[in-house]
1. Assign unit charges at the C-beta atoms only (+1 for Lys and Arg, -1 for Asp and Glu), then state the dipole size of segment 64-206 relative to its Cα centre in Debye, rounded to the nearest 20.
2. Measuring from label point to label point, each 7 Å out along Cα→Cβ, what is the Gln141 to Ala54 span in nm?
3. Go ahead and set up a Gaussian network model of the chain, Cα springs under 10 Å, then flag whichever of Ala168, Ala123, Ala84 fluctuates most.
4. What's the whole-number percent of alpha carbon pairs in segment 91-194 lying beyond 23 angstrom?
5. Of Phe62, Ala77, Ala123, which is farthest along the charge dipole of the chain in the positive direction, counting Lys and Arg as +1 and Asp and Glu as -1 at C-beta?
6. Can you give the FRET efficiency for Glu160 and Thr45, using 1/(1 + (r/R0)^6), R0 = 30 Å, r = Cβ-Cβ distance, to the nearest 0.05?
7. Taking the Cα atoms of the chain alone, what are Rg (to one decimal) and Dmax (as a whole number) in Å?
8. Work out the length of the dipole vector of segment 146-206 about its Cα centre, built from +1 on the beta-carbon of each Lys and Arg and -1 on the beta-carbon of each Asp and Glu, and round it to the nearest 20 debye.
Amino acid sequence: MLACAVKEAGGHVKRAEQASETRAALIEAAKRLFATRGYLNTKVTDITAEAGRAAGSFYNHFAGKEELLKALLDELAAVSDRFADAEGHMSDFTDPDAIRYHVAVYLRVHREYAPTMLALRQAALVSEDFARTLEQFRRAQAADLADHLAHVQNLPASVETTLTLMSAMMEAPAQLLHELPEEEAVEVATRFIYRALNGRDYPQRG
C-alpha cells in the first residue's frame, strides 16, 4: 500500500515536471515566432508546432495568445526586479549615475526582449482588454520609480505625470541605438533625463 502511494506521488511529480517543461517550451517557441513573424501573424498551431508539442497542448496552459503574453509580462517584471535588486542599482535621480544605470538597463532589456516588447504593443493595438493590461503593467513599473524622485527639487510636474513622461523618454534611447553606439546613446539619454528632472546639467564625464 505504501509502495503504491509512493509510486502515485512520483507520478504526480513527473506529470507536474512535464507540464512545466511543456509550458516553458510553448513560451520559448512563441518568442522565436514573434521575432520572425510578429504577434499578429503567429497562430496557436504555429506555436505548438515550433515547440514540438501536440496542437491541443497549448490550451492546457493558456486560454489563448493573450494569456501567453501575460506570462511574458510576468517574465519582464521578474527581469526588472532582478535589476532593481542588483548591487549597482541606485535610487536617487539627483545622481546622474542612478539615471545612467536605469537607462543602461532599459537598453539591455530592450535589446534582449525587443520581439517580446513589439508583440506586446501589437497585441494592445487589436485588443482593448490587453491594452488595459499592458497599461496597468507600465503604470506599475513606473510607480516603482516614485521613490527615486524623492530628492528631486521642483519636479517639472506631479510625481505621476513626471513618471509618465519619464516612461516615454525611456522609450527614446532604444531608437538611438540605430544611430549611435550604445555607450553614447546611454550618455545622451542620461543627460537629457537628468536635465529634465533637475533643471541643470552635470559635468562631462572624464
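What follows draws every value from the coordinates through simple rules; no lab data is involved. Here the structure is a predicted model, which means the values were calculated and not measured. Ideal geometry is used to build each Cβ from the backbone, glycine not excepted, and the neighbour counts take in all protein chains shown.
1. I would put it at about 300 debye.
2. 3.7
3. Ala168
4. Values: 1642 of 5356 pairs.
Here the long-distance tail beyond 23 Å is 31 percent of all Cα pairs in segment 91-194.
5. Phe62
6. On the way: r = 43 Å, r/R0 = 1.42.
For R0 = 30 Å, the calculated efficiency reads 0.10.
7. Using the Cα atoms of the chain, the pair Rg, Dmax is 21.3, 76 Å.
8. Working: 4 positive and 9 negative charges, 61 e Å.
Charge dipole, segment 146-206, about its Cα centre: 300 debye, nearest 20.
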